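> Quick one: the structure is below, and I'll ask about it shortly.
No value in this document is a laboratory result; all are computed from the given coordinates. What you see is a predicted model; the values in this text were computed from it and never measured. Positions of Cβ are backbone-derived with ideal geometry, glycine not excepted, and every protein chain shown enters the neighbour counts.
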């Protein structure tokens, strides 16, 4: 009889531990994933800026082959990021919708700038992550709901 009670007590303790620890671990993994993606986004932007400093007349989308000499040491290219230079303005953007944790981390890494946001599907303008329409029209090549960081 006692072995059954001992197994039940340890089973209940284990179930409680799993119920508490699993959500905590998932939250931690989501935060780490967002941090890695945001850092990669900022590093990609830095490479494009370094290219534009060396080639100020560049326009359109700057290819990875052109950016390769400007990658930061140890940078691993994430295919989710792209760029457009039009009218002397740089747009760094994602190629698809991005997780909210990643958006928030990019926003904080960009010092809560109004020039970080998403492309509004209805107006085609930059919707700042702090909640207002900036009135800045984004190029049509940027997908709707993509994260966008404007300027150098």
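> Compute the angle between helix 100-109 and the longest alpha-carbon principal axis of the chain, please, reported from 0 to 90 degrees and rounded to the nearest 10.
Once rounded, the angle reads 60 degrees.
> Moving to a separate point now. Before anything else, pin down the relative contact order of the chain: Cα pairs under 8 Å, at least 6 apart, normalised by residue count, whole percent.
Numbers: 198 pairs, mean separation 30.5, N = 152.
Worked out over the chain, it gives 20 percent.
> Right, another one. Run the numbers for residue 7 and residue 99: contour at 0.36 nm per residue of separation, minus the present Cα-Cα distance, in nm.
Values: separation 92, 0.36 × 92 = 33.12 nm, distance 4.17 nm.
Extra length available between residue 7 and residue 99 comes to 29.0 nm.
> Give, in nm to one decimal, the length gained when the segment between residue 32 and residue 144 is fully stretched (0.36 nm per residue of separation minus the Cα-Cα distance).
Values: separation 112, 0.36 × 112 = 40.32 nm, distance 2.56 nm.
Result: 37.8 nm gained on full extension.
> Taking 7 Å along the Cα-to-C-beta vector as the label spot, tell me the residue 133-residue 65 distance in nanometres, rounded to one decimal.
Computed distance between label sites residue 133 and residue 65 equals 4.1 nm.
> Return one number: the angle in degrees, 0 to 90 and rounded to the nearest 10, between the long axis of the Cα atoms of helix 2-54 and the longest principal axis of the Cα atoms of the chain.
With rounding to tens, the tilt is 10 degrees.
> Can you give the calculated 222 nm mean residue ellipticity of the chain, where each DSSP H run of n ≥ 4 adds -39,500 (n - 2.57) and the sum is split over every residue, rounded to the nearest 500 deg cm²/dmol?
Working: 3 runs with 67 residues, N = 152.
About -15500 deg cm²/dmol.
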